[in-house]
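For reference, the structure is listed below as structure tokens.
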Amino acid sequence: MSTDWIGRQLGSYRLLSLLGHGGYADVYLGEHIYLKTQAAIKVLRTQLTDEDIEHFRTEAFTIAHLVHPHIVRVFDFSVLDNNPFLVMDYAPNGTLRHRHPKGSRLTPDVFLPYVMDITSALQYAHDQKLIHRDIKPENMLLSPSNQVLLSDFGIATVSQNTLSQTTEDMVIGTMAYMSPEQLQGKARPASDQYALAVVVYEWLSGARPFNGTYVELLTQHLSTDPPFLDEQTLAIPHAVQQVIRRALAKDPHQRFARIQDFANALEWAYRTANVATPRASSSREDVRPAASITSQTTRVRSGAAQAPPPPPKAPSRSAPGPILSFAAASAPQLTTSARSVGRGLGRLTRTVLLAILLIGALICGLGYATYNQFFASQDTSPTTINQSGATTLADGFAQAISTQHYDQAYNDLGPGLAKKNQFEQDAQSEDQCNGPITTYKRVSSTMSGNKLVETYEMTRSKLANTYNLTLTLQGDSSGRWQITDYQSGAPACPSS
Ligand SMILES: Nc1ncnc2c1ncn2[C@@H]1O[C@H](COP(=O)(O)OP(=O)(O)OP(=O)(O)O)[C@@H](O)[C@H]1O
Ligand SMILES: [Mg+2]
């Protein structure tokens, strides 16, 4: 029974209550017996052989070294009486499945940030040749500050390799999200992309592309095209549909090369659609390029490497035609005096229209030039200004110094900042005099051009008050970000 462990001690944790259970494990809230800190303890419902235990340890080692702001930290793995368990961060705000129950439809402003955060975690793992294998909303947890944290990284592999028997109801990973190649035992990084695309499909439409029994799901993933999303009912741009269908391709080679490319393309498909909508809705917007350019510059700050949206159209030369010919055609039906008034009015109308045309052309020309200058000189190719990449870097730095991974933190700094030895020495002496960092929380994020300033509120064990850590990041023309300045508001420490 799953509640068997309540009140018992696993490692240094006493299990307080059951948080939930999944296909192959039960998760408990645990409390450290001395420190009284809380953690989630996941107890696998399997007994390991001695041979399995060694394998479990090797896999566990890899998972425990995944350090990323959007990945649940696993800080202990062990086996008690052949029962494998792992200790991880407790996420008190539940999962994205709890927050958005089955059937919910989410708007892009809600789900795109989730997608970007999850993707940054997955891309980080893929770069280290690791595959998640069980992407689904149940494995997306919410931190105390409601940040999305991906959980069960590689657990699917651990369990798959260690569970002695696997039955149909004990499928590793979850069938509804599983790519054709993974179902055939050949998971690869693109399998996570497919699973994430199923999640996006579900968030958008309220339903997953494939449903049914084990065999039905297997057949559909392998050989049925996903149903088209109803673009009109769901009010989604066609480009969004195309991006999702590409990520759901049966052949992994036809998907995006990297999961980050998928997320960028999705974000870009929405952003370009947002830019296009107001211009498409009213032709009069076209002769007011200055206004539309301002809104474009703020909206196209990130996305995939695709062509920027087309420049605002110049006013159509044929547009005044019908108005002028209407005046000419009406004239013969008028009386003489009326005709002369009409002629006068006609001349006046023509003059006014000509003046409007000239002014319109002038404004359009100026707008077009500004537009060109903006795209040429600032090169807003979507990878250039990708704030989520910068935020990930800053979060990674904050996390690295909080966990005393100074090597990693140092690598995030651009050239021109402290030398490595100096940086590590300063960080260690600050840990000594003010105590280690106990919490960090991003409190503000200000973007200006290619510069991003992120401020974190920090706490240290020996300080009664919080202080701010401010990081300045600079993006270069190829879309890479570096930390160019960091300012800590912590009380100064005697130099070592
Ligand atoms: N770190 C955590 N903090 C808080 N709650 C958690 C944590 N990990 C899991 N849970 C809770 O426990 C439940 C069960 O998690 P578990 O990972 O065993 O199953 P699952 O993800 O639903 O399915 P699967 O068996 O495919 O992994 C989750 O749905 C969640 O509510
Ligand atoms: Mg899980």
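Observations, loosely collected:
- Residues in region 84-100 that are in contact (Cβ under 8 Å) with a residue 12 or more places away in the chain and out of contact with any Phe, Trp or Tyr (no Cβ under 9 Å at 6 or more places or on another chain): Tyr90, Ala91, Pro92, Asn93, Gly94, Thr95, Arg97, Arg99.
- Residue within region 208-224 that is among the aliphatic types (A, V, I, L, M) and more than 18 Å from Gln182 (Cα to Cα) present: no
- The set of residues in region 425-438 being over 31 Å from the mean Cα position of the chain (by Cα) and part of a helix (DSSP H, G or I) consists of Gln425, Asp426, Gln428, Ser429, Glu430, Asp431, Gln432, Cys433, Asn434.
- The criterion of at least 3 residues that are within 16 Å of ligand 2 (Cβ to nearest atom) and touching a residue at least 24 places away in the same chain (Cβ under 8 Å) is met by the following strands (runs of 3 or more DSSP E) wholly inside region 1-76: 25-32, 38-44.
- Residue check, Pro101 more than 12 Å from ligand 1 (Cβ to nearest atom) and over 18 Å from Ser12 (Cα atoms): yes
- The set of residues from region 124-153 being assigned to a loop (DSSP other than H, G, I, E, B) and within 14 Å of ligand 1 (Cβ to nearest atom) comprises His132, Arg133, Asp134, Ile135, Lys136, Ser143, Pro144, Asn146, Gln147, Ser151, Asp152, Phe153.
Here's the yes/no breakdown for (1) aromatic (Phe, Trp, Tyr); (2) out of contact with any Cys (no Cβ under 7 Å at 6 or more places or on another chain); (3) assigned to a loop (DSSP other than H, G, I, E, B); (4) within 16 Å of ligand 2 (Cβ to nearest atom):
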{"site": "Ser78", "(1), (2), (3), (4)": "no, yes, no, no"}
{"site": "Leu86", "(1), (2), (3), (4)": "no, yes, no, yes"}
{"site": "Asn93", "(1), (2), (3), (4)": "no, yes, yes, yes"}
{"site": "His98", "(1), (2), (3), (4)": "no, yes, no, yes"}
{"site": "Ser104", "(1), (2), (3), (4)": "no, yes, yes, no"}
{"site": "Pro113", "(1), (2), (3), (4)": "no, yes, no, no"}
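- Number of the exception - Ser78 against (1) modelled with pLDDT under 95; (2) in contact with a Gly (Cβ under 8 Å, 6 or more places away or on another chain); (3) surrounded by fewer than 18 Cβ atoms within 10 Å (Cβ to Cβ); (4) farther than 22 Å from Trp5 by Cα: (4)
The values are calculated or read from the model by the stated rules, or taken from the named source; none is laboratory data. As the structure is a computational prediction, the values presented were derived from the model and not from experiment. Cβ atoms come from the backbone with ideal geometry, glycine included; neighbour counts cover every protein chain shown.
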